[in-house]
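Each value in this text was obtained by applying a stated rule to the coordinates, not by laboratory testing. Everything numeric here is computed off the predicted structure, so don't read it as measured data. Here the Cβ positions follow ideal geometry from the backbone for every residue, glycine too, while neighbour counts run over all protein chains shown.
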Amino acid sequence: MKSLLRKMAAATLSACMSLSVIAADLTDVNDIVERANLASYYQGNDGRSEVRMTITDGQGREQQRQFTILRLNEEPGGRQHFYVAFSRPADVRDTVFMVTKNITRDDDRWLYLPSLDLVRRISAGDKRTSFVGSHFFYEDVSGRQPTEDEHRLVGTTDAHYIIESEPKDSSTADFSSYRVIIDKANFLPSKIEYADASGQVYRTVEALEVQNIQGLPTVIRSQVSDLRSGGHTVMEFGFVSYNMGIPADVFSERSLRRQPREWLRRPQ
């Protein structure tokens with residue numbers, strides 16, 4: 001009898017704990033958005049990954065790109081640096097895209113074109129244009145500042161938070177609003193849907209596969225779809241490493257022409 005009572009008490013305690021977890025859902029939309037931003041773009045102090053990008057147009061024709069991404073955080077959620085060096089195909093080899101993501105002003109973006117030996121600044125107005133001919137935008141690579149938009153928590157399920165956002169300045173965006181479905185378990189957005197002024201969804205960004213790498217949940221396969229043209233681009237991330245000790249001088253303008261080969265090489 002005592003054993004049965006102990007089992008009943010344990011079951012009751014477990015049920016209460018489960019109810020407590022359910023009741024602990026976050027309600028502050030800005031807190032949820034900030035956690036999602038950190039999970040998506042700020043894992044570890046720095047990071048490296050090799051990316052294979054497959055671009056498929058509306059007729060099913062494919063192109064591929066391969067590149068390596070280096071990243072350094074100055075502080076979680078704060079100023080941040082990205083360095084993207086292309087290796088394939090031959091027509092984009094040694095092309096470099098570099099970003100310094102600022103918090104209180106527009107990001108600084110550079111593109112180095114080796115065939116012209118030209119460094120070009122990418123203006124703030126170009127951040128939502130095609131990234132090297134793909135369906136990803138320049139802004140997708142380094143992330144959009146959460147403070148650029150107004151956010152509303154419109155739904156909570158057992159597994160997800162659902163947030164709708166609108167740009168504070170509509171002149172800086174190609175969308176009227178977007179909806180984000182955020183995984184409660186890791187705060188990674190599983191899907192983003194961009195809508196035009198009529199409310200029609202015309203573009204989606206999806207996390208197709210997530211793995212834990214060095215204890216950090218990491219998107220290793222993602223896809224952007226253009227629902228108007230029928231085209232899409234898939235990015236697959238491999239050889240991901242965090243907390244490598246990448247120095248700040250890797251992200252200097254000098255590195256646009258002289259690539260930091262030591263950090264671009266695959267770790268042994």
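A compact table of results
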{"read-out": "Flag if Gln145 is over 20 Å from the mean Cα position of the chain (by Cα) and either surrounded by fewer than 19 Cβ atoms within 10 Å (Cβ to Cβ) or within 28 Å of Ile32 (Cα to Cα) (or both)", "value": "no"}
{"read-out": "Scope the range 54-77; condition within 13 Å of Lys101 (Cα to Cα) and touching a strand residue (DSSP E or B) at 6+ places or on another chain (Cβ under 9 Å); matching residues", "value": "Arg71, Leu72, Asn73, Glu74"}
{"read-out": "The listed residue being aliphatic (A, V, I, L, M), touching a residue at least 12 places away in the same chain (Cβ under 8 Å) and closer than 15 Å to Val99 by Cα, out of Val180, Val119", "value": "Val119"}
{"read-out": "Number of positions in the range 95-113 that are in a strand (DSSP E or B) and either of a type in the set (Val, Ile, Thr) or exposed (fewer than 15 other Cβ atoms within 10 Å of the Cβ) (or both)", "value": "4"}
{"read-out": "Of residues in the range 30-75 being among the β-branched types (Val, Ile, Thr) and touching a helix residue (DSSP H, G or I) at 6+ places or on another chain (Cβ under 6 Å), the one farthest from Pro189 (Cα to Cα)", "value": "Thr68"}
{"read-out": "Residue within the range 123-131 that is closer than 20 Å to Asn37 by Cα and either part of a strand (DSSP E or B) or free of Cβ contacts under 8 Å to residues at least 24 places away in the same chain (or both) present", "value": "yes"}
{"read-out": "Long-range neighbours under 8 Å by Cβ, at least six apart or interchain, first residue within 17 Å of Asp108 (Cα to Cα) within the range 140-152, second hydroxyl-bearing (Ser, Thr, Tyr)", "value": "Ser142/Tyr41; Gly143/Ser40; Gly143/Tyr41; Glu148/Thr172"}
{"read-out": "Positions within the range 52-83 being under 15 Å from Gly133 (Cα atoms) and part of a strand (DSSP E or B), in sequence order", "value": "Arg52, Met53, Thr54, Ile55, Thr56, Glu62, Gln63, Gln64, Arg65, Gln66, Phe67"}
